[in-house]
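Heads up, the thing below is written out as structure tokens.
What follows is calculated from the coordinates using simple rules that are stated; it is not laboratory data. Everything numeric in this text was worked out from a predicted model, so none of it was measured. Every residue, glycine among them, receives a Cβ derived from its backbone with ideal geometry; neighbour counts consider all protein chains shown.
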Amino acid sequence: MFGKVKPLWGEKPTLKSNYDAVIIGGGLHGLAAAYFLARDHNMRNVAVVEKRYLGFGGSGRNTAIVRANQRTQENVPLYREALDLWPILTKELDYNLMFYNCGNLNLMHSEAAMNAARMNVATAQFHGVESHLIDAKQCKELVPALNISKDITYPIFGAMYHPPGGILRHDAIVWGLAKGAAKYGVDIHQQTEVTGIGVENGKIVSVETDKGRIKTPRVLNAAGGYSAALSYQMLGLKLPISVLTIQAMVTQPLKPILNHVVSSGAYHAYANQTLKGEIATGAHMDAWPNYTTQTTAYYIKHQAEALSEMLPCLRGVKFMRHWGGLADMTPDMAPIMDGNDPIEGYYMDCGWGYFGFKSCAAAGKYMAQFMDSGNCPAMLKPFNLRRYEQHRLMGETAALVNYTPDN
Amino acid sequence: MALTLTCPVCGKRNGYEFRYGGEEKGPRPEEADLSPQAWCEYVHMNQCVAGIQKEWWCHKDGCGVWFTTHRDTTCNLEVDKPEAQS
């Protein structure tokens, strides 16, 4: 029982001097891209290079909520595809991702918010995603623990109810994808830091790591919170990203009381009960860029206040753990997925902010297509980097809360 | 994350009194012949330094002054005295 445990993704591989593709970042997006490259595109000579360990960053720090009720036409299909992939991946990877499609309830606290939700619901329904507008009484019927009285700071007017959403076990997806990728021959190099990216005549030629040089024609930047810094340091390419620390916490385990993900823009809080019984809740973002991932007493107080109004039965429940992670926020709250521009062979899958978890499977699938063919799939075209200079920012900021260091 | 900033007028104050104003990117570009790329570079693009960066702050809940300071983004500590700017 206490013998040497072999990881799911096999023994430590040796770093080869040549790969068809190098993926920077052993998180969900990098591993998903590697998995789909190997599975669908027969590109198996692929290295995933991770500075620390698999799932060290946002992949292991998020609150594992998935949904496809985004605001804009471009985003919804991508997230819907990710939602559809969880049961498929669970089977394919032969690994229980613990997908619990309990449904999401986005609470609305004013008539104006209800109107905004009405548009969100219309977008979802247009794309065939189940989403309804419900009133406060229906909210109470779905979540009896909810406080719908009028005498709280932000009384509940109604909610956007999105039944297909839910939660997963985030570590399971990291391990499952790593297992799946390794099965197809992908080399996963942990504790390997990228120190430089070689470019010749506008083309990617190599990646320098602290374990040696790798020749490669393709690089995917899937470094999450560090992607913008990496892009600027190694290629001089600035990205429209601000990196902020975002916090989350869990309470002590409780008997089942919350069978939906509940979120509120006005209270600036969301909560769901994990399968272990803990209430996982977030999400406070620091209002200035930093890489600390440190937590604050300020936020514990905020969260306690919000939860004890929204879900009064949680008064007196103790928080058990509290942690922070990095969110790479773009000005329009939508990611940057682009490639071959301005450097041929350089692909980006970054700027995910705090949406990287719910999208990873679909983003990996399409980035793999992109990296194999060199042509951007239609699904990813709206997410190009040039949209910022063309003033074609996406309208995702209209959904829920707008987190940037600028507001 | 705890943050203490030194306002050039009020001295050391709690970071929550301030509003972050972005990375220092030099003067605003001239509007004559301004290309969309140059404007985008000024408005949106960041270096996202994991280390010491020069940045703008406004003491919004205090005297209202705008100033630049140097801060280490990996530990949230100021590393220099802020330089008062107009």
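Here each label is just a point 7 Å from Cα along the line to Cβ, and for A:LYS255 and A:LEU275 those points are 2.2 nm apart. Taking Lys and Arg as +1 and Asp and Glu as -1, the other residues whose beta-carbon sits under 12 Å from that of A:ARG321 total +2.
Peptide A:18-24 has a mean shielding of 0, counted as Cβ atoms of other protein chains within 10 Å of each residue's Cβ. Under the Kirkwood approximation applied to all pairs of distinct alpha-carbon atoms, what is the hydrodynamic radius of the stretch B:5-84 in Å? Taking every pair of different Cα atoms in the stretch B:5-84, averaging 1/r and inverting gives 13.7 Å. Taking the inverse of the mean 1/r over every pair of distinct Cα atoms in the stretch A:15-126 gives a Kirkwood hydrodynamic radius of 16.8 Å.
The C-alpha atoms of the stretch A:1-47 occupy a region whose extents along the principal axes are 38, 24, 19 Å, arranged from largest to smallest.
Post the alpha-carbon centroid distance, the stretch A:57-136 to the stretch A:1-24, in whole angstrom. So the separation of the two Cα centres works out to 33 Å.
Distance distribution P(r), the stretch A:251-407, all Cα-Cα pairs, bin width 10 angstrom from 0: 9, 31, 29, 20, 9, 1 percent. Can you give me the C-alpha center-to-center distance between the stretch A:351-392 and the stretch B:1-66, rounded to a whole angstrom? Using only Cα atoms to place each centre, the spacing works out to 29 Å. Cβ crowding within 10 Å ranks A:SER308, A:SER131 as A:SER308, A:SER131, fewest other Cβ atoms first. Count Lys and Arg as plus one, Asp and Glu as minus one, and take only other residues whose Cβ is under 15 Å from that of A:GLY282; the net charge is then +2. Peptide A:242-248 shows a mean partner chain C-beta count of 2 within 10 Å per residue C-beta. For A:LYS358, the lysines whose Cα comes closer than 21 Å to its Cα, not counting residues fewer than 8 places off in the same chain, are A:LYS91, A:LYS179, A:LYS276, A:LYS381. Give me the net charge for the shell around A:ILE343: Cβ to Cβ below 13 angstrom, other residues only, Lys and Arg +1, Asp and Glu -1. Charge balance in the 13 Å sphere: -2.
With the highest mean first, a sort of the peptides A:318-326, A:102-110 on other beta-carbon atoms found within 10 angstrom per residue produces A:102-110, A:318-326. Exposure proxy shown here: for A:CYS313, A:CYS139, the number of other Cβ atoms within 10 Å sets the order, fewest to most, as A:CYS313, A:CYS139. Annotation for the stretch A:39-129: chymotrypsin sites (Phe, Trp or Tyr not before Pro) lying in DSSP loop with at most 15 further Cβ atoms inside 10 Å of their Cβ are A:TYR53.
Computed from backbone phi, the HN-Hα couplings of the stretch B:2-13 come to 5, 8, 10, 10, 9, 6, x, 9, 9, x, 5, 9 Hz, rounded to whole numbers (Karplus: 6.51 cos²θ - 1.76 cosθ + 1.60, θ = phi - 60°; Gly and Pro given as x).
The average projected area of the protein assembly as shown, computed from the convex hull of its Cα atoms over all directions, is 24.9 nm². Once Rh is set to the Kirkwood radius over Cα pairs, what Stokes-Einstein translational diffusion coefficient, in µm²/s, holds for the stretch A:189-312 at a temperature of 4 °C and a viscosity of 1.567 mPa s? Using the Kirkwood radius from Cα pairs, D works out to 73 µm²/s. Across peptide B:22-31, the mean count of Cβ atoms from other chains lying within 10 Å of each residue's own Cβ comes to 1.
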